[in-house]
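*Asks:* If you scroll down you'll find the structure; I have some questions about it.
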Amino acid sequence: MSTTLKEEIRANRKEFIDKTAALKLPADIKVGALLIHGLTGMPNEMKPIERVLQELGCTVSVPMLAGHGAGQKELLATGWRDWLATARTALNELSETCDAVVVGGLSMGGLLPILLALENPKVKGIVALSPTIKYDSKNSSNPFQVLLPLLDLFPVLGKYFYWTEEPPFGLKDERLQRQIMKQLEALKTSYKKVGSEDHSGHDFNPEQFRTYAGSLREIQRLVSVIEKQAPKCKCPTLIIQSVEDTITTKWNAETLYSWLGSEDKEIKFLEGCDHVLTMDLKKEEVAYYYAEFVCKIAAKNVVPEPVHVYA
């Protein structure tokens, strides 16, 4: 990475950290924020945004979706309805104590807020980060997806065919790429020493970087539902998409935008980052736009104090 690029990244971070620090929520509203990770992801990928929203004064929930956090056997035992159910439970808990909730997610997790907004009137805004309608970029499972409908006839195949994630892992941050590769190599070495027959207690499992056909087919089923339901969604929406995404192209953001029935919707296209917007080189900028949107939604939903008229 050149010195000039490093300086640009540092300047970008400082600019948006300062901008974020200047944001304020209205005093007379309690705002909740539900953050949803992506397929095969984990709650910690939402940590930078979670931290910013907590500092802003939001009550934040970042649940682990059903089937995640273990192995592919557990994930393949779940589908999009189970992932939605996890998010719904977390939303219901936020709704009990918050006046308004903004629901957002990354990748596949950026689609679920649309269905939640249609179910729960406390959802006043939604955010989709790198929304995934189709894995269609150069480092994705695109060639594989056309065959996924065959799983409806032969569902057992969903447990055997998979797409393996490879560098750059949806990241432009070379430091994070190197960390991932270093961890992978160390874990592979450790895994080989133990042997492939009994590694249940070991940290490394090759399946951690695989996305099986069964789960990819579940995303296709979810997308079919989203396409039908999105025109009914009138909720204000922010979509953030990198034009350099190596997993999902900007077509995904533009298509989701066209499906949504809201008149208050916006796409912010970014450069210098990849698919995992929440962790990559522009994460401070992403967090700022997210927090700014939350403040805008909060301001729109402040309940005015009653005016007392005395005779």
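FYI, it's all coordinate maths here, none of it is from the lab. Remember, predicted model here, so these are calculated numbers, not experimental data. Every residue, glycine among them, receives a Cβ derived from its backbone with ideal geometry; neighbour counts consider all protein chains shown.
*Asks:* Using only DSSP helix segments of four residues or longer, with each worth -39500 (n - 2.57), what per-residue ellipticity at 222 nm results for the chain after dividing by its residue count and rounding to 500?
*Replies:* Rounded to the nearest 500, the figure is -13000 deg cm²/dmol.
*Asks:* Obtain the nm distance between the two label points defined at residue 89 and residue 14 by a simple spin-label model: each point lies 7 Å from its Cα along the Cα-to-C-beta direction.
*Replies:* Taking the simple label geometry, residue 89 and residue 14 are separated by 4.6 nm.
*Asks:* Normalised by the number of residues in the range 7-128, what is the relative contact order in percent for Cα pairs under 8 Å and 6+ residues apart? Walk me through the intermediate numbers first.
*Replies:* Values: 187 pairs, mean separation 34.3, N = 122.
Answer for the range 7-128 is 28 percent.
*Asks:* Treating only the Cβ atoms of Lys and Arg (+1) and Asp and Glu (-1) as charged, compute the dipole magnitude of the chain about its Cα centre; round to the nearest 20 debye. Intermediate values should be presented prior to the final figure.
*Replies:* Working: 37 positive and 40 negative charges, 28 e Å.
My answer is approximately 140 debye.
*Asks:* Specify the longest stretch of the chain that does not include any exposed loop site, a site being one of the GluC sites (Glu not before Pro) with a non-H, G, I, E, B DSSP assignment and at most 11 other Cβ atoms within 10 Å.
*Replies:* 1-196
*Asks:* Also, I was wondering about something else. Given axes a ≥ b ≥ c from the Cα gyration tensor, I'd like to know whether the range 211-292 is rounded (a/c under 1.5), prolate (a/b larger than b/c) or oblate.
*Replies:* oblate
*Asks:* Something else now. Report Rg (one decimal) and Dmax (nearest whole number) for the range 31-115, counting Cα atoms only, units Å.
*Replies:* Spelled out, the Cα radius of gyration and Dmax of the range 31-115 are 12.5, 39 Å.
*Asks:* Who wins for biggest fluctuation among 17, 297, 219 in a Gaussian network model of the chain, springs between alpha carbons below 10 Å?
*Replies:* Highest fluctuation among the options: 17.
*Asks:* May I pose another question? Let me know the charge dipole size of the range 1-154 about its Cα centre in debye, to the nearest 20, where only the beta-carbon of Lys, Arg (+1) and Asp, Glu (-1) is charged.
*Replies:* Its charge dipole is roughly 280 debye.
*Asks:* Pick out which of 282, 234, 138 has the largest mean-square fluctuation in a Gaussian network model of the chain, springs linking Cα atoms closer than 10 Å.
*Replies:* Of 282, 234, 138, the most mobile in the Gaussian network model is 138.
*Asks:* Just want to confirm a number: the relative contact order over the chain, from Cα pairs under 8 angstrom separated by 6+ residues, in percent.
*Replies:* With pairs under 8 Å counted, the relative contact order is 24 percent.
*Asks:* My understanding is that a pair violates if its Cα-Cα distance is over 28 Å; which of 172/268; 134/300; 47/232 do that in this structure?
*Replies:* 134/300; 47/232
*Asks:* Something else about it: As an exercise, take the mean of 1/r over every pair of distinct alpha carbons in the chain, invert it, and state the Kirkwood radius in angstroms.
*Replies:* After inverting the mean inverse Cα-Cα distance, the result is 20.4 Å.
*Asks:* While we're here: Out of the DSSP beta bridges found with both residues in the chain, what percent are antiparallel (nearest 5)?
*Replies:* If we restrict to bridges inside the chain, about 10 percent are antiparallel.
*Asks:* Can I ask one more? Taking only Cα atoms and a 10 Å spring cutoff, compute GNM fluctuations for the chain and point out the largest among 181, 64, 46.
*Replies:* 181
*Asks:* Projecting each Cα onto the charge dipole of the chain (Lys/Arg +1, Asp/Glu -1 at the beta carbon, about the Cα centre), which of 302, 150, 277 comes out farthest on the positive side?
*Replies:* Working it through, the farthest residue towards the positive pole turns out to be 150.
*Asks:* Now, a different point. With a cut-off of 18 Å, note down the residues of the range 24-67 whose backbone N falls inside the zone around a label point 7 Å from the Cα of residue 264 toward its beta carbon.
*Replies:* Answer for this model: 24-34.
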